[in-house]
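Read through the structure below, which is laid out as structure tokens, and then see the notes.
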Amino acid sequence: MSTTLKVALLGAGTVGTEVARILDQDAAALTQRAGARLRLSAVVVRDTAADRGPHVPRELITDQAEDAIDGADLVIELMGGIEPARTYITRALSNGASVVTGNKALLAAHGAELFALAKDNDAQLSFEAAVAGAIPILRPLAESLAGDTITKVMGIVNGSTNYILDKMDREGADLADVMAEAAALGFLEADPSADVEGHDAAAKAALLATLAFGAGFSIDQVHTEGITGVSATDVEAARAEDQVIKLLAIVERSEGGVQMRVHPTLISREHPLAAVHGAFNAVFVEAENAGQLMFYGAGAGGAPTASAVMGDLVTAARRSLAGAPDHTVLSATAVPALPIEDAITRYALAIDVTDAPGVLARIAQVFADQGVSIEAMRQTGYPSAGSDAAASASLRIITHAGTQRALDATVAAVTELDVVTGITSVLRVEGN
Ligand SMILES: NC(=O)c1ccc[n+]([C@@H]2O[C@H](COP(=O)([O-])OP(=O)(O)OC[C@H]3O[C@@H](n4cnc5c(N)ncnc54)[C@H](OP(=O)(O)O)[C@@H]3O)[C@@H](O)[C@H]2O)c1
């Protein structure tokens with residue numbers, strides 16, 4: 001085998017060092033699978049003095065990214081962040097080099113421009129590692145299901161928030177206490193806002209929608225709510241009804257476009273996603289002919305994420321040797337992103353009321369007036385924690401499917417009732 005492809009690695013942190021290890025340790029098998037020797041030609045970092053372990057040769061370490069990119073056939077970007085990653089990927093693609101990245105933040109903001117650039121330069125841009133770490137999900141959506149019609153994708157795609165919600169569910173603990181513990185154990189970033197406010201999951205939702213529906217979507221089109229409003233009372237109420245709360249990234253085909261949303265969601269304990277514990281990820285896919293599919297595994301970590309990077313690298317090498325990069329990511333014409341007001345789901349509400357005759361009937365009438373039909377109503381007989389002292393009962397109402405617009409109007413009208421002392425929780429419900 002005489003062909004050698006030079007590989008520049010931009011970033012040698014958690015994932016990059018594992019990519020270097022696999023390139024080194026599994027060189028023979030990779031050569032066979034790629035059809036060419038994949039030779040590491042440069043490793044770009046900020047701190048060139050730091051030791052990068054036994055698989056990153058010192059002589060390859062550099063902070064001269066442009067030279068490293070210009071000398072490479074394949075470029076792996078594992079630095080993270082928008083800049084300089086965007087500039088470097090632009091340079092690599094403009095050179096005609098194929099690029100593999102795990103950078104969801106960049107692709108969810110500037111994917112369209114980079115996909116177009118890849119196409120113009122007949123280069124491959126691959127990003128399996130950007131969503132759900134080790135789990136092969138982007139290629140199944142784009143390739144394995146290319147002959148089917150995907151209708152909905154629901155994912156647990158942020159391990160930190162799943163760890164927190166799972167712990168709240170198992171231990172009945174408060175969000176603040178579990179977050180403090182998660183931070184101490186390294187399950188949360190120093191600045192946890194991207195995780196707990198849902199932005200990391202929203203970036204992945206935009207990429208899932210892009211692959212599922214063959215049209216470009218960006219993070220600013222995703223309705224995003226994090227887990228900061230989820231209370232121990234919400235978790236306990238869910239448990240009482242054999243449900244669990246998960247932060248889901250949901251993208252679905254709907255009348256006239258695509259719905260993309262990230263929010264805490266009630267699901268039955270019998271739903272496959274309810275069995276995803278700790279920091280694991282899973283993506284649940286519904287397609288017209290395949291039916292329901294679930295992909296499960298490690299959503300982060302050096303070696304698991306490097307596995308996804310290496311799969312992309314071998315594929316990019318093969319396609320580059322064959323002179324046939326794949327540009328079908330954006331195969332469809334533009335598809336509109338629909339506003340959250342049009343989203344159709346079921347809802348669970350907790351409403352504190354004074355204990356007066358006819359309260360249930362008055363509340364039910366408001367729901368009926370707004371066209372939101374009630375599936376179940378239960379009086380728990382005690383006020384929610386932190387609610388008005390005058391409250392003497394808490395109602396839990398589950399609705400049939402309705403639009404967010406109708407639900408918002410219902411909440412506003414219910415709040416106006418003199419017998420209502422507070423709406424303490426509104427959560428969306430998915431599945432049966
Ligand atoms: N970690 C995971 O589990 C995981 C999972 C899925 C996707 N990802 C994605 O993979 C990417 C890498 O993540 P990571 O966890 O490996 O990050 P990391 O541990 O923070 O490593 C980043 C690397 O990039 C280098 N770097 C950063 N900015 C640079 C710059 N301006 N110029 C040159 N080098 C620069 C750093 O150099 P120094 O070491 O010198 O600072 C470091 O080696 C990110 O896009 C992340 O979102 C990560």
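The values are calculated or read from the model by the stated rules, or taken from the named source; none is laboratory data. Bear in mind the structure is a predicted one, so any value in this text is a computation, not a measurement. Because the Cβ atoms are built from the backbone with ideal geometry, glycine has one as well, and the counts that use them run over all protein chains shown. Heavy atoms of the whole protein, side chains included, go into the accessibility calculation; ligands, DNA and RNA do not. Shrake-Rupley method; radii C 1.70, N 1.55, O 1.52, S 1.80 Å.
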Segment 64-81 - phi-based ³J(HN,Hα) in whole Hz, Karplus 6.51/-1.76/1.60, Gly and Pro as x: 9, 4, 4, 4, 4, 5, 5, x, 10, 8, 10, 10, 10, 9, 9, 8, x, x
The local net charge around residue 23, scoring Lys/Arg +1 and Asp/Glu -1 for residues other than residue 23 whose Cβ lies under 14 Å from its Cβ, equals +1
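Tally Lys/Arg at +1 and Asp/Glu at -1 over every other residue whose Cβ is under 9 Å from the Cβ of residue 239; what's the total?
On the way: positive: 269; negative: 169, 236, 241, 242.
Its environment carries a net charge of -3.
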Rg (one decimal) and Dmax (whole number) from the Cα set of segment 105-192, in Å, equal 17.9, 54
Checking 262, 314, 157 against a Gaussian network model of the chain (alpha-carbon springs below 10 Å), the top fluctuating residue turns out to be 314
Please turn the phi angles of segment 320-326 into ³J(HN,Hα) values with the Karplus equation 6.51 cos²θ - 1.76 cosθ + 1.60 (θ = phi - 60°), one per residue in order, whole Hz, x for glycine and proline. 5, 5, 7, x, 9, x, 9
Report in % the part of the accessible area of segment 138-298 that belongs to carbon and sulfur, leaving out ligands and nucleic acids; probe 1.4 Å. 47
Once the Cα atoms of helix 85-94 and of the chain are each reduced to a long axis, what angle between those two axes, in degrees from 0 to 90 to the nearest 10, is obtained? 50
Most fluctuating residue of 403, 210, 305 in a GNM of the chain with Cα springs under 10 Å: which is it? 403
Report the FRET efficiency, 1/(1 + (r/R0)^6), for residue 275 and residue 66, where r is their Cβ-Cβ distance and R0 is 35 Å, rounded to 0.05. 0.15
If I build a Gaussian network model for the chain, linking alpha-carbon pairs within less than 10 angstrom, which residue out of 359, 244, 56 has the largest mean-square fluctuation? 359
Could you please state, rounded to a whole Å, how far the C-alpha centre of segment 227-244 is from the C-alpha centre of segment 113-134? 38
Amide H to amide H under 5 Å from residue 40: which residues, 5+ apart in sequence or cross-chain, H placed 1.01 Å off N in plane? 7
Find the Cα radius of gyration of the chain, compare it with 2.2 N^0.38 Å by division, and give the number to two decimals. 1.10
Once you list every other residue whose beta carbon is under 13 Å from the beta carbon of residue 204, what net charge do they have if Lys and Arg are +1 and Asp and Glu are -1? -1
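With +1 on each Lys and Arg Cβ and -1 on each Asp and Glu Cβ, and nothing else charged, work out how big the dipole of segment 138-298 is about its Cα centre, in Debye to the nearest 20.
My answer is approximately 440 debye.
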Mean projected area in nm² (Cα convex hull; one quarter of hull surface) for segment 138-298: 9.4
Percent of accessible area on segment 299-377 owned by carbon and sulfur, 1.4 Å probe? 57
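Tell me the per residue accessible area of segment 105-186 using a 1.4 Å probe; a whole number in Å² is fine.
On a per-residue basis, segment 105-186 sits at 35 Å².
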Over segment 57-108, calculate the relative contact order: mean separation of alpha carbon pairs under 8 Å at least 6 apart, over the residue count, as a percent. 40
Which order, highest average first, do 197-207, 174-184 follow once you tally other Cβ atoms within 10 Å for each residue and take the mean per peptide? 197-207, 174-184
Quick one: the Cα spread of segment 77-125 along its three principal axes, in angstroms, biggest first? 24, 17, 15
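Over all directions, average the projected area of the Cα convex hull of segment 340-429 and note it in nm².
Average projection, Cα convex hull of segment 340-429: 5.2 nm².
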